[in-house]
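A quick write-up on the structure given underneath.
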Amino acid sequence: MVQSFQQRHLAQRAQSGRALINVLVLLLLLSGALAAVAYVFGTIVPVGHVGVRKIAFGPGQGLVSSTLAPGFHWTIPGYSTVYDLPQMIQIIDFARTTEPASGSFGSLDIPTIDGTTVDIDAALLYRFYPQSGAVDGEKHGGAVDLIREVGATDLQWRKYLSQVAENELKRSLSALSTSEFYDPIARERRVAAAQESLEKALAPVGVQVEALLVRRYTYRAEIDQAIFKKNLQELESAYNKVAGEFAAAQRDVNKVESDGAVAIQTLDKQGVSEAEKIRSEGDLYRREKMAQGELLVAEARAAVDKMKSDVLAKVGSDVYVALQLAQTLASLKGGVVANVDPYDFDGWVRRLAGANRTSGEVTDAK
């Protein structure tokens, strides 16, 4: 009886084990079937990407305007397809060697305005807009516009972006001369202009430009000599310009000196002429005044002589002689005639007058 119980127990365990195995097999079959269905009728949009659904035919044919978030999405083979676009920052590299960055498009040959060529290494950093919209009033496309205008594969995107970036860089940097590449301000100004143009060109197709960088620029071997010659020509031109300005300044100095010497000579001559004129005018004035003085003296003497003659006419010549003798005697210190005061002019006059009368009477008597 005990043995019969054990047999039944073992039979029950074996039966439950087979049931569990059957359930597991069924679950595996269902999981496999679901996986097969999901594989055939579904797709996964990875994290950091967005999906764009495309309907092959029927209602809603074409690209669906709304994008799909990361995760599992149902599809019908032959009817709908889901494209996924990365949302992280990506890079288009222009380098002269492919070792540092795989997928490089090689360095860019930039022609300059003076006919030379500069090799530059550059990089374009970009990302895709998930939806169309506007930034600062400027409209931009989204992932749907990118697929519609450019393509649905990474190879198509990179080829298009590299071509547009190369065109804008060459268009902007070719406005520089060979020597202006040495000027960081002028160079970066042209790079900024290229980035601005690139943003306007790529925004409508759903590409956001994060940065446009010029990492390195080099001149080709034959350019070094050309740069040296050009710099030498510029220096010679600057020297000739300064030399010309110096010569012009020297001519001005010489002219000023010659004009000054002529002015000084003219002033000297004018001074001598003015001095002679003033001297002659002074001599003339002196002679005029002397003549006037001599005339006045002559007139005074004439007046004196006239007065003398008038006096003589009234008192006689004897009185005049007495006066003249009185002047002579007045200079004597003491008397030389007895009983006569030499300073008594009146007495001398009376005496001389009386003598004159006596002699006159005697003369008359005779």
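Every read-out reported here was derived from the displayed coordinates using simple, explicitly stated rules and does not represent laboratory data. Treat the numbers as computed from the prediction; the structure is a model and nothing was measured. Virtual Cβ from ideal backbone geometry, glycine too; neighbours counted across all protein chains shown.
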Subject >> Estimated vicinal HN-Hα couplings, Hz - the stretch 196-212 in sequence order (Karplus 6.51, -1.76, 1.60; Gly, Pro = x) >> reply: 4, 5, 5, 4, 5, 7, 9, 4, x, 9, x, 10, 9, 7, 8, 6, 10
Original post:
If amide H atoms are built 1.01 Å from N in the plane of the peptide, which residues on other chains or at least 5 residues away come under 5 Å of the amide H of VAL207?
Top reply: TYR129, GLY141
**OP:** Work out from phi, with θ = phi - 60° and the Karplus expression 6.51 cos²θ - 1.76 cosθ + 1.60, the ³J(HN,Hα) of each residue of the stretch 55-66, listed in order in whole Hz, and give x for Gly and Pro.
**Re:** 9, 6, 7, x, x, x, 4, x, 7, 7, 5, 8
Original post:
Short version: ³J(HN,Hα) in whole Hz for each residue of the stretch 154-162, in order, from phi by Karplus 6.51 cos²θ - 1.76 cosθ + 1.60 (θ = phi - 60°), x for Gly and Pro, what are they?
Top reply: 5, 4, 5, 5, 5, 5, 5, 5, 5
**OP:** Quick one: which residues, 5 or more positions from SER65 or on another chain, have an amide H under 5 Å from its amide H? H modelled 1.01 Å from N in the peptide plane, none for Pro or chain starts.
**Re:** none
Subject >> Sites LEU235 and THR97 - FRET efficiency at Förster radius 30 Å, r taken between beta-carbons, to 0.05 >> reply: 0.25
**OP:** List every residue whose amide H lies under 5 Å from the amide H of SER132, counting only residues 5 or more places away in sequence or on a different chain, with H placed 1.01 Å from N in the peptide plane.
**Re:** GLY142, ALA143
